[in-house]
Structure formats: structure tokens, C-alpha cells
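The values are calculated or read from the model by the stated rules, or taken from the named source; none is laboratory data. What you are looking at is a predicted structure, and each value in this text was computed from that prediction instead of being measured. Quick reminder, even Gly has a Cβ in these numbers, built from the backbone with ideal geometry, and neighbours come from all protein chains shown. For accessibility, only protein heavy atoms count, side chains too; no ligands or nucleic acids. Shrake-Rupley method; radii C 1.70, N 1.55, O 1.52, S 1.80 Å.
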Amino acid sequence: MHKRTGMRTARPLVQESLAAVEATIRIAAVALILNCPLSQAQAPGQLPEFEVASIRPNKTNERMYYGLRNASLTVRNMTVKGLIQIAYGKRDFQITGGPAWITSECFDIDAKAERPQRATHDMEKSLLASRFQLKFHRETKETSVYSLVVARGGLKMKLSADQTDPEKGGPRELAPGRLAGEGIPMYVITNLLSNMLGRAVINNTGLTGKYDVNLQPVPESLQLQTDSADPLTHEDVLNLAILEAIEKQLGLKIESIKAAGEVLVIDHIEHPSAN
């Protein structure tokens, strides 16, 4: 499967089908539409705020943690870009701009809301605006995305026996390229595939409900002969293996199309102010 006789065939597949693992994707002309041209930031009082918040650099290798519950926000070893993703419901490739440190420097945060108020993502937005001086604007771009459809050979993953509460459920095993579990909602499968491939994935299968999934790419099965002067990277090969596994093991197919998608463009951000 995927036999290639040279770089002129293997590399275009990676560039065309997978194209930038940081970009987004979908159908229409190559155009750029600007929305909300003015920079946006939450002025004090516009959104609810944490009563107290402590922010400290984290230079350890400890496991990343994010917890927003009851009246508190607890963060360990997370980048500012990661915080922005969660606060605004975006993925990595839907946020652009800003200095390099927002993806390389990590922070610990302990913030509390005034009881009995409940901690919310709006409070996190206020924190980003007041302590990191975050300002941004939104752009809508016609970019490449992945369309997920049922493969020609038919669906291979099984509908779960338990379809109660179809909005809940997740994988029991998740690793780079690996996805396994029972009773996983279709929207969760779509989001996880998007994270694996580094692009937005649109569910055009018409499927709903919960499924039993066992996705395990086998990069060694690919026969890719490439020009030694421009070899495929490990990431290239893994992505190709994921595409193959999605079709062979799940009975789904990924197609590259174009669509309009919103991105946040960071105009200004600073290291956090003192506690």
C-alpha cells in the first residue's frame, strides 16, 4: 500500500494531503476575509474575574495539569498558548502570532473566585487580559481542512452496545497515532483525529452515536522510497500511517477540502505581571 518510486511521488502526498501539520483546511477559493479588525481584550469589569491569582514560572519536567472546578483554577506546567486554547475553545493551529515564548515557557497558576461564585473560562480570559496583557483580533480564512467520510469499503468500527448518554464517553488509550476505547461519541472521535493530524476535521460521515474504536497505525507497513536528499520525516511517515489506518481499521476516509475557519491572531502579549 502507498508504494512510491521517488520523492516526486511520496513528498507531494505528504505536502498535499497532510500539508502543514500546523495549518487548518476545507472547499472554496484561496481568499482571506478579515473580521473584527480591531484588537480585542477584556477591559476590567467586562467579564467576571478571579478574586486572587498567583502566576509563577515552571521550569520542571512535571506532568502538565489543568483544573477548573468549583471556585478555583489550578494550572501546572502549561504554556500561555495552551491557556488561550482552553479559554477560547481553539486548537493550536487556530491561534497564530505572538512571541516564541508563549509556546516554550510554562507557568503554574493558582486562582480563586469569590465564593460562592463558580470559576469559568470567562475568568480565565480576564486573567489573560489583565496579567498577560493579551490583545488579539479574529480572522476568517479559507484554508485546508479534512473531511471525514465513510470509506468506499464500508464502516469497520462497531456501534457500541451501550448507546445511553451519547454525549459522554472517551478513549481508554490515547497516544501519538493510537486511539482505542469503547463507547466513544462520534464528535470525540472527530476531535481526536483532528489533534492527531494537526488540522481541523469535519464530520461528514452522517454517523452519530457511540462507537468501539481500535486505531493503531503501523508505519513499518508503508513502502515509501524517497530521495535521500529530501527524506520524509518521522512525522510525515506517522501521518501517512494514520491516514491508512483510519481507512483500513475504522472504515473511514480523510479527504482534503477547503473551508472558512476562524483563527485568533495575537497582536500583543507580555510576561505575566507580578503577583
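To the nearest 0.05, how large is the calculated FRET efficiency for Ala100 and Arg172 if R₀ is 25 Å and r is the Cβ-Cβ distance? Kindly include the intermediate steps, with their values, before the conclusion.
On the way: r = 36 Å, r/R0 = 1.43.
So, using R0 = 25 Å, E works out to roughly 0.10.
At 0.36 nm per residue, minus the direct Cα-Cα distance, what do Arg115 and Asp212 gain on full extension? Give it in nm, one decimal, please. It would help to have the intermediate numbers written out before the result.
On the way: separation 97, 0.36 × 97 = 34.92 nm, distance 4.14 nm.
Length difference between fully extended and current span is 30.8 nm.
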#### Entry: Residue order for Glu262, Glu142, Glu51 - accessible surface, 1.4 angstrom probe, largest first
Glu51, Glu262, Glu142
### Query
Out of the range 120-171, which trypsin sites (Lys or Arg not before Pro) are coil in DSSP terms and have no more than 12 other C-beta atoms within 10 Å?
Arg152, Lys168
### Query
List the lysines whose alpha-carbon lies under 28 Å from that of Lys141, not counting same-chain residues fewer than 8 positions away?
Lys81, Lys90, Lys125, Lys253, Lys258
### Task
Compute the length gained on full extension between Asp92 and Asn195: take 0.36 nm times their separation in residues and subtract their Cα-Cα distance, giving the result in nm to one decimal.
36.2 nm
### Backbone N within the range 99-135 under 14 Å of label point (7 Å from Arg56 Cα along the Cβ vector)
107-111
### Message
Just to be sure I understand the model, the point goes 7 Å from the Cα along the line to the Cβ. What's the resulting Arg152 to Asp267 distance in nm?
### Response
5.0
### Task
Subtracting the Cα-Cα distance from 0.36 nm times the residue separation, let me have the gained length for Ile257 to Thr74 in nm, one decimal.
62.0 nm
### Query
Using 7 Å Cα-to-Cβ label points, what is the Met64/Asp165 separation (nm, one decimal)?
2.7
